[in-house]
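Participant: Submitted below is the structure of interest, expressed as C-alpha cells.
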Amino acid sequence: MSGVTSAVVVGAGLAGLTAAADLLARGIEVTVLEARERVGGRTHGLEVAPGRWIDAGAAYLGERHTELHALMAELDLKTTPTTMTGASRFALGAEDTTRDGRFPPLNAVALGDMFELLDELTAAVRPEAPWLTPDAERLDTLTAAQWAEQHLAHPDARLFFPLFLGEMMAADPADVSVLHMAFYLRSGGGIRYLNAFEGGAQQDRIAGGAHLACERLAERLGARVRLGEPVTALHQDADGVSVRSALGTHRADVAVLALPPLLADAIEQRPPAPARRASGRTAPGCAVKINLVYPTPGWRDHGLSGWSVNAEGPLLSTVDDSPPEGGVGVLTGFVTGGEAHRFAALDPAAQRAAAVEQAARLFPMLPEPIGYHVTDWVNEQYSKGCYAALFGPGDWLRQGPTLTEPHQRVHWAGTETSTEYFGLMEGAIRSGHRVAAEILARP
Ligand SMILES: Cc1cc2nc3c(=O)[nH]c(=O)nc-3n(C[C@H](O)[C@H](O)[C@H](O)COP(=O)(O)OP(=O)(O)OC[C@H]3O[C@@H](n4cnc5c(N)ncnc54)[C@H](O)[C@@H]3O)c2cc1C
C-alpha cells in the first residue's frame, strides 16, 4: 500500500493524462498542470469543415499498439482505416512517375542492400537497454549521416536514406546517433512494421482525431486538469513537492514530469536533478505538417492513393487523410528533417505558395484548396519538435541508464522515456502506466 495520497502531474499529453487517470482510479488525488490552453500536447485536432476533424499532430496506429487500443476501448473511440487504395506518385528524379505499390522507382538492389544493413543494425540493438547494445559506444558516437556516408555507395540509396529517416522519425540524419536510429526503428516494431500501412504502424487513425483520447481522459479528471499553467519550478523537501506554475504553487507528495526532455530541463529543480534529460546534441524532431483541404479527394477518381514521395520539398511525402464521413478531401503533407527548417524560415505566404504549387504538380486534377493548415511543431513552444526528441551522439550512453529513475519525489513520463514504441502515442501511454505503477509502489 503506497503512502502517497497526492500527486501533481506536469503536462496534459497522453503520458501525463494516462498517469493521472491511473492514479485517480487508485484513490490518489491528482492535479494536472498544462501550459497550453488545450490538452493533448502532440495530438491536436483541427475541424476543417463542420464536424470533420483531422490530425495536425499524431495520427496513425497499428494493431501492436495494444495500450492505445485498450485506452480507446475504455474511452469508446473507434479506428478508421488509412486510405491507401490506388497508385503512388514519385518525384525522385528527372521525371515524376506513377506506379502501383509504395516501392520507389529507384535501384531496387541498392535500396534492398540499404534496408538489409539497417535491418542488421536494428536486430543487434537491445531495445530495453540500448546502451548495453554490443558496440554501443561506437554506434552512439557516429551520426546516421556519417553512417550513410560510410555505407551507402549508390546514389539512389543516398537519395532515399534521408527521406526514409525523415518519414520514419522526423530526423535529419545529421541529428541522430546510429544507436538512436537503430533503437527507434526496433522500438517501433522494426522497419517493415513501422513503414507499413496495412498490417503496420500506419494502418488506422482514430476516428474523429487522436486528440479525442486526451479530451476524454481529461473529462474524467474534470477540474483537476488546469490549463494555461506553465510550470517553471519544482522544489522538493522531506515532506513533499512544491510545483510552481505561472498561476501559483501546488503542493503534493510526488510529482510527475510528463514532458519532452528539452522542456523538462527548462524547469528549475531544487535540489537539482542528478542528470539533465537532454544534452547539447539532443535535437527537436523536425516536422511541419501541412493539411490541404479540397472539396473532394479528387485523386481517388484518377486511381491515385494520394500517397507520394518526393526528393524536393516542401512536401517530402503526402498521404490521404480525408475524413471517413466524406464532405471534403484532405491531403496531408509532411515536411521533415532539414527541409522542415528551410520551410519554417519562409514567410507564411511563401510557405503556402510552395505547398499548394507542389500539391498541384503532384496531383494536377486538384482544384485550388479550400483550406490550408500548417502546424510547425519545431517552433511550438510547448513541444519543441516532433514526432519526438532526437537523441544525438552520446545521449543514450549518458542518459539511457537513468532514463526512468525517479529523482527522489519526481517521476519521469513521456514517450521519450519509453523503450517500447518510443516517440509514438503507444510509448506515451505505456510511460504513463509505468509511472503510475512506480508511484503506487512507493512506501
Ligand atoms: C506531426 C506529428 C506526427 C506524429 N505522428 C504520430 C503517429 O502517426 N503515430 C503516433 O503514435 N505518434 C505520432 N506522433 C508522436 C506522438 O504525438 C507523441 O509520441 C505523443 O503524443 C507524446 O505524448 P507525451 O504525453 O509524451 O508528450 P506531449 O504530447 O508533448 O505532452 C506534453 C505536454 O506537456 C505540456 N507542457 C510542456 N511544457 C510544460 C510546462 N512547463 N508546464 C506545463 N505543461 C507543459 C505540453 O503543452 C504538452 O501538452 C506524432 C507527433 C507529431 C507532432
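Participant: Starting at the first residue of region 155-171, write each ³J(HN,Hα) from the Karplus equation 6.51 cos²θ - 1.76 cosθ + 1.60 with θ = phi - 60°, in whole Hz, x for Gly and Pro.
Facilitator: Running phi through 6.51 cos²θ - 1.76 cosθ + 1.60 with θ = phi - 60° gives x, 5, 5, 5, 6, 7, 4, x, 5, 4, 5, x, 6, 6, 9, 6, 10 Hz.
Participant: Let me ask another. So what J values fall out for region 28-35 if you push phi through Karplus, 6.51 cos²θ - 1.76 cosθ + 1.60 with θ = phi - 60°, rounded to Hz, Gly and Pro as x?
Facilitator: 8, 6, 10, 10, 10, 9, 10, 5
Participant: If you average the C-alpha positions of region 198-213 and of region 408-424 separately, how far apart do those two centres end up, in angstrom?
Facilitator: For region 198-213 versus region 408-424, the Cα centre distance is 21 Å.
Participant: Moving to a separate point now. Pairing the Cα long axis of helix 425-440 with the longest principal axis of the chain, what angle in degrees results, from 0 to 90 and rounded to the nearest 10?
Facilitator: So the inclination is approximately 10 degrees.
Participant: At 7 Å along the Cα-to-beta-carbon direction for both Ala223 and Val109, put a label point, then send me their distance in nm to one decimal.
Facilitator: 7.2
Participant: About the Cα centre of the chain, what is the dipole size in debye to 20, counting +1 per Lys and Arg Cβ and -1 per Asp and Glu Cβ, all else neutral? Working shown, then result.
Facilitator: Working: 37 positive and 53 negative charges, 171 e Å.
Around 820 debye, computed over the chain.
Participant: Can you tell me the orientation of helix 108-124 relative to the chain, as the angle in degrees between its alpha-carbon axis and the longest Cα principal axis, to the nearest 10?
Facilitator: 10
Participant: Here's another thing I want to ask about it. Please report, in debye to the nearest 20, how large the charge dipole of region 108-195 is about its Cα centre when each Lys and Arg carries +1 at its beta carbon and each Asp and Glu carries -1 there. Intermediate values should be presented prior to the final figure.
Facilitator: Details: 5 positive and 13 negative charges, 30 e Å.
Magnitude of the dipole: close to 140 debye.
Participant: Related question: Between Arg281 and Arg26, what is 0.36 nm times their sequence separation minus the Cα-Cα distance? Round to one decimal in nm. Display every interim value, and only then the final one.
Facilitator: Values: separation 255, 0.36 × 255 = 91.80 nm, distance 3.90 nm.
Here the answer is 87.9 nm.
Participant: Using modelled amide H (1.01 Å from N, peptide plane; none on Pro or chain starts), what sits under 5 Å from the amide H of Tyr60, excluding residues fewer than 5 places away?
Facilitator: none
Participant: What are the ³J(HN,Hα) values, in whole Hz, obtained from phi via the Karplus relation 6.51 cos²θ - 1.76 cosθ + 1.60 with θ = phi - 60°, for each residue of region 290-304 in sequence order, with x given for Gly and Pro?
Facilitator: 10, 10, 9, 10, 10, x, 9, x, x, 4, 5, 5, 9, x, 9
Participant: Same structure, new question: Tell me, what is the per residue accessible area of the chain in Å², probe radius 1.4 Å? Don't skip to the answer; put the middle values down first.
Facilitator: Working: 17250 Å² over 443 residues.
Per-residue value: 39 Å².
Participant: Something else: Please give me the summed charge of the neighbours of Leu165: other residues whose Cβ is under 10 Å from its Cβ, Lys and Arg +1, Asp and Glu -1.
Facilitator: Details: positive: none; negative: Glu167, Asp172, Asp175.
Net charge in that neighbourhood comes out at -3.
Participant: Pull out the extension gain between Glu368 and Asp76, defined as 0.36 nm times the separation in residues minus the alpha carbon to alpha carbon distance; nm, one decimal. Show your work: numbers first, answer last.
Facilitator: Working: separation 292, 0.36 × 292 = 105.12 nm, distance 3.66 nm.
So the chain would gain 101.5 nm between Glu368 and Asp76.
Participant: Using the Cβ atoms and a cut-off under 14 Å, what net charge is assigned to the surroundings of Val4, where Lys and Arg are +1 and Asp and Glu are -1? Could the numbers behind the result be given before it?
Facilitator: Working: positive: Arg26, Arg251, Arg409, Arg442; negative: Asp22, Glu29, Asp239, Asp253, Glu438.
After counting each charged neighbour, the total is -1.
Participant: Describe numerically, in nm with one decimal, the distance between label points set 7 Å from Cα along Cα→Cβ at Asn379 and at Arg398.
Facilitator: So the two model labels end up 2.8 nm from each other.
Participant: Quick one: putting +1 on the C-beta of Lys and Arg, -1 on the C-beta of Asp and Glu, what dipole do you get for region 300-441 around its Cα centre, in Debye to the nearest 20? Spell out each step's value before the answer.
Facilitator: Details: 9 positive and 17 negative charges, 66 e Å.
In debye, rounded to 20, region 300-441 gives about 320.
Participant: Once amide H atoms are built 1.01 Å from N in the peptide plane, which residues 5 or more positions from His411, or in another chain, come under 5 Å H to H?
Facilitator: Ala255, Val256, Leu257
Participant: Also, I was wondering about something else. Expressed in nm to one decimal, what extension gain is obtained for the pair Gln408 and Arg300 from 0.36 nm per residue of sequence separation less their Cα-Cα distance?
Facilitator: Details: separation 108, 0.36 × 108 = 38.88 nm, distance 5.57 nm.
Value of the extension gain: 33.3 nm.
Participant: Continuing with the same structure: Find which of Trp377, Gly298, Ile429 sits farthest along the positive direction of the dipole of the chain, computed with +1 on the beta-carbon of Lys and Arg, -1 on that of Asp and Glu, about the Cα centre.
Facilitator: Ile429
Participant: A further question follows. Under a 5 Å amide H to amide H cut-off, with H placed in plane at 1.01 Å, what residues pair with Val32 once short-range neighbours are removed?
Facilitator: Val9, Val225, Arg226
Participant: Between beta-carbons, use under 11 Å as the cut-off and find the net charge around Asp237, counting Lys and Arg +1, Asp and Glu -1. If you can, show how the numbers build up before the last one.
Facilitator: Values: positive: Arg251, Arg270, Arg409; negative: Asp239.
Neighbourhood net charge equals +2.
Participant: Of the listed peptides 236-248, 352-364, what is their order by residue-averaged count of other C-beta atoms within 10 Å, with the highest listed first? Show your work: numbers first, answer last.
Facilitator: Details: 236-248: 14.9, 352-364: 17.7.
So the peptides 236-248, 352-364, ranked by packing, come out 352-364, 236-248.
Participant: Assign one of three labels to region 162-320, namely rounded, prolate or oblate, based on the Cα gyration tensor with a ≥ b ≥ c the square roots of its eigenvalues; rounded applies when a/c is under 1.5, prolate when it is not and a/b is larger than b/c, and oblate otherwise.
Facilitator: Details: a/c = 2.61, a/b = 1.68, b/c = 1.55.
It is prolate, given that a/c is not under 1.5 and a/b is the larger ratio.
Participant: Using a ≥ b ≥ c from the Cα gyration tensor of region 78-168 (square roots of the eigenvalues), is it rounded, prolate or oblate, where a/c under 1.5 gives rounded and otherwise the larger of a/b and b/c decides, a/b for prolate? Before the final figure, lay out the partial values.
Facilitator: Numbers: a/c = 2.80, a/b = 1.47, b/c = 1.91.
Oblate, because a/c is 1.5 or more while a/b does not exceed b/c.
Participant: A further question on this structure: Roughly speaking, what is the centre-to-centre gap between region 290-320 and region 1-51 when only Cα atoms are used, to the nearest Å?
Facilitator: Here the two parts' Cα centres lie 34 Å apart.
Participant: Counting only protein heavy atoms and a 1.4 Å probe, tell me what percentage of region 97-222's accessible area is made up of carbon and sulfur. Mind dumping the intermediate values first?
Facilitator: Details: 2680 of 5090 Å².
So the carbon and sulfur contribution to the accessible surface is 53 percent.
Participant: Can you give me the relative contact order of the chain as a percent, contacts being Cα pairs under 8 Å and 6 or more apart? Intermediate results must be reported in sequence, preceding the final value.
Facilitator: On the way: 987 pairs, mean separation 117.1, N = 443.
Computed value for the chain: 26 percent relative contact order.
Participant: For the Cα atoms of the chain, what angle does the longest principal axis make with the long axis of helix 178-187, in degrees from 0 to 90, nearest 10?
Facilitator: In the chain, helix 178-187 runs at an angle near 80 degrees to the longest axis.
Participant: Here's a follow-up. What whole number of Å gives the distance from the Cα centroid of region 372-394 to the Cα centroid of region 229-279?
Facilitator: 21
The values are calculated or read from the model by the stated rules, or taken from the named source; none is laboratory data. Just so we're clear, the structure is a prediction, and the values are computed from it rather than from any experiment. All Cβ positions, even for glycine, are placed from backbone atoms using ideal geometry, and neighbour counts span all protein chains on display. The accessibility values were calculated without ligands, DNA or RNA, using every heavy atom of the protein model including side chains. Shrake-Rupley method; radii C 1.70, N 1.55, O 1.52, S 1.80 Å.
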